[in-house]
Amino acid sequence: SASQGLWLSSRGVAGVAEPTAAPTATVKLLIDGKFVESKTKDWIDVKNPATQEVVSRLPLCTAGEFNAAVQSSKDAFPKWRNTPVPQRARVMLKLQELINRHMDELATSVTREQGKTLADARGDVFRGLEVVEYASGIGRELTGEYVEHVSAGIDTFSLKQPLGVTAGICPFNFPAMIPLWMFPLATAAGNCMVLKPSERDPGAAMLLAELALEAGLPPGVLNVVHGTNDTVNAILDHPDIAAVSFVGSNAAGKHIYQRGCANGKRVQANMGAKNHAVVLPDANVEATVAALTGAAFGAAGQRCMAISAAVFVGGMGPYRAALLEKAKGLKLNAGWEEGADLGPVISPQAQQRIEGLIASGVKQGAACDLDGRGVSVPGYPHGNWVGPTILSGVTTDMECYQQEIFGPVLVCLEAGTLDEAIAIINANEHGNGTALFTASGAAARRFQQEVDVGMVGINIPIPVPLPYFSFTGWRGSFNGDLQMYGRMGVQFYTRVKTVTQSWKDAGAPGVIPGLAGVG
Ligand code: NAD
């Protein structure tokens with residue numbers, strides 16, 4: 001069944017390639033359980049990156065609208081936190097059912113606004129869905145601790161209580177997964193949340209909000225606001241917001257972490273990445289090339305866990321030709337086209353930035369084995385196209401190495417030994433993910449032990465942990481203490497209260513006053 005499309009006139013799967021709803025279609029705010037039109041004068045266009053068609057217009061919400069959203073969450077909190085845990089969990093069970101039912105619609109929205117292929121868009125929804133599944137078992141994660149007899153007749157126990165109003169600030173690259181990293185766990189734990197989707201692709205988040213209401217999330221428990229820097233700063237400065245979850249770039253993340261913390265908020269900020277794969281000479285060439293190609297160019301490289309740098313120990317050898325061959329075979333096309341392997345990048349500005357970094361690599365002495373600049377895609381003359389690009393002979397002083405490119409570009413470096421490769425990775429500012437390709441268990445053990453990166457794949461290119469674990473980026477890729485989803489996510493959205501209580505027995509030993517004689 002189709003969603004009601006209250007937030008925007010929504011369209012079915014077949015509509016993905018067609019010009020979208022009326023040009024005046026606007027993205028609504030969700031305030032206190034109602035999808036409402038913003039009264040702002042400032043709007044930005046949400047564009048299909050394969051065509052530049054305007055999908056919808058997004059409001060930069062007014063201060064009054066923002067404050068109303070926070071107030072709504074604040075008002076909803078007392079009742080929601082006292083809603084029995086199994087009842088909150090059942091809302092999440094229902095939400096996972098609804099997300100499954102609306103999978104195609106969600107994926108279509110992701111493809112239309114973000115550009116990735118429909119298969120990748122389903123993956124985007126699915127990885128978020130797994131967090132909803134985890135949130136539906138929230139009771140198990142809220143258990144406290146108890147020590148009896150800390151003194152005569154005295155026991156101490158701990159409770160996990162929700163924080164109150166939380167906020168979530170999302171990036172463009174996973175428009176379904178990242179909102180689902182945030183609001184399901186926050187609300188299942190008893191909090192309310194004000195969510196700010198990415199201004200570039202809000203559609204999936206709006207559809208998810210609609211499904212969350214349908215699943216039974218009461219008005220005010222989830223509010224959705226739209227905007228850019230001003231809205232984010234309003235979140236960071238609002239005294240009623242206790243905690244902020246952020247995923248996005250370094251520049252925004254550092255600012256958000258510092259300003260949020262300065263205002264006494266709990267902040268978790270997932271930021272940029274430069275994920276290295278290390279290839280040892282004993283690795284299986286075919287499997288490694290397939291893994292590298294998918295991880296470097298899939299989703300047009302716009303994944304925070306994409307492999308964007310490969311370090312070949314002992315030189316590229318057979319990899320240079322094999323990678324080139326495999327990457328050349330990838331089909332660049334609009335995400336909804338049959339057989340597309342990668343879609344466009346998010347914006348013309350992103351395209352220019354990526355092309356500029358490729359050019360700087362060439363200028364600084366790298367070889368461009370495969371050049372994705374200036375490619376065209378038949379039928380889509382206005383798309384933000386960058387084809388798979390391979391730069392080899394790259395060194396760590398080059399700009400194309402030092403910057404996060406966030407496009408379908410693999411930079412290839414060489415190292416003499418595994419230790420040298422580890423040293424390169426550990427000297428990089430980022431520490432999100434990394435992968436080692438080898439047939440040696442001893443090398444794998446050494447790598448997983450020594451590498452200064454928070455998520456490690458051994459013969460696995462994109463080691464994103466399932467929600468039984470947490471998303472554990474390190475160093476420049478994360479600011480904060482408690483990471484997203486899993487146990488640490490629950491810890492982030494709760495605080496521990498420790499109660500010490502004395503119930504002394506006034507009567508004779510073994511006799512409870514008032515109950516004497518009973519039974
Ligand atoms: P972005 O930082 O431009 O935007 C993210 C959010 O921050 C948006 O909601 C935006 O409105 C807001 N924002 C942007 N600039 C701001 C500013 N100066 N002040 C206040 N708010 C601001 O990021 P993006 O381009 O949407 O996403 C891509 C980035 O996200 C990449 O760097 C990628 O590595 C990173 N990312 C990281 C993870 C992770 O888990 N580590 C996951 C996904 C994406």
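Any of Lys326/Lys363; Lys39/Lys331; Lys79/Lys254 with alpha carbons more than 31 Å apart? Name them for me. Exceeds cut-off: Lys39/Lys331; Lys79/Lys254. Placing a pseudo-label 7 Å from each Cα along the Cα-to-Cβ vector at Gln52 and Ala439 gives an inter-label distance of 5.2 nm.
For the ranges 431-437, 103-109, 363-369, what's the packing order if you count other beta-carbon atoms within 10 Å of each residue, average per peptide, and put the highest first? Walk me through the numbers on the way to the answer.
On the way: 431-437: 27.7, 103-109: 23.7, 363-369: 15.6.
With the highest mean Cβ count within 10 Å placed first, the list reads 431-437, 103-109, 363-369.
Couplings 3J(HN,Hα) of region 187-194, computed from phi: 6, 4, 6, x, 8, 9, 9, 9 Hz, in residue order, whole Hz [Karplus 6.51 cos²θ - 1.76 cosθ + 1.60, θ = phi - 60°; x for Gly and Pro]. Under 5 Å between amide hydrogens, built in the peptide plane, is the criterion, and for Phe469 it picks out nothing among residues at least 5 positions away or on other chains. If you take the Cα centroid of region 238-295 and the Cα centroid of region 178-233, the two points sit 20 Å apart.
The protection proxy used here, the mean number of other Cβ atoms lying within 10 Å of each residue, ranks peptides 167-173, 396-402 as follows, highest first: 167-173, 396-402.
Averaging the Cα positions of each part gives two centres, and for region 33-99 and region 439-496 these lie 30 Å apart. Modelled spin labels at Lys34 and Val362, positioned 7 Å past Cα toward Cβ, are 5.7 nm from each other. Each residue of region 362-374 was assigned a 3J(HN,Hα) from its phi angle through the Karplus curve 6.51 cos²θ - 1.76 cosθ + 1.60 (θ = phi - 60°); the sequence is 4, 5, 8, x, 6, 9, 8, 5, 9, 10, x, 6, x Hz, with glycine and proline shown as x. Helix 203-215 and the longest principal axis of the Cα set of the chain meet at an angle near 30°.
Rounded to the nearest 0.05, what FRET efficiency do Ala506 and Asp240 give with R0 = 41 Å and r taken as the Cβ-Cβ distance? Could you check? Let's see the in-between values first.
Working: r = 44 Å, r/R0 = 1.08.
Given R0 = 41 Å and the Cβ-Cβ separation, E is 0.40.
Counting only DSSP beta bridges with both residues in the chain, the antiparallel share comes to about 40 percent. Counting only aspartates and glutamates at least 8 places from Lys504 when in the same chain, those with an alpha carbon closer than 12 Å to its own are Asp155. Against the chain, whose longest principal axis is taken from its Cα atoms, helix 85-101 shows a tilt of about 30°.
Cross-linked pairs Lys34/Lys74; Lys41/Lys196; Lys34/Lys265; Lys34/Lys497: Cα-Cα separations exceed 24 Å for Lys34/Lys265; Lys34/Lys497.
Rg then Dmax, both in Å and based on the Cα atoms of the chain: 25.0, 93.
Here Ser376 and Ser347 are evaluated by their C-beta separation; at R0 = 22 Å the FRET efficiency comes out at 0.80.
Close amide-amide hydrogen proximity is noted between Ile44 and Leu58, Leu60, each under 5 Å apart and 5 or more residues distant or on a separate chain (H modeled in the peptide plane; Pro and chain starts excluded).
Helix 441-450 and the longest principal axis of the C-alpha atoms of the chain enclose an angle of approximately 70°.
Bear in mind these aren't lab numbers, they're just calculated from the coordinates by the rules spelled out. The shown structure was predicted, so the numbers you read here are calculated from the model rather than taken from an experiment. Glycine gets a Cβ as well: all are built from the backbone with ideal geometry, and neighbour counts include every protein chain shown.
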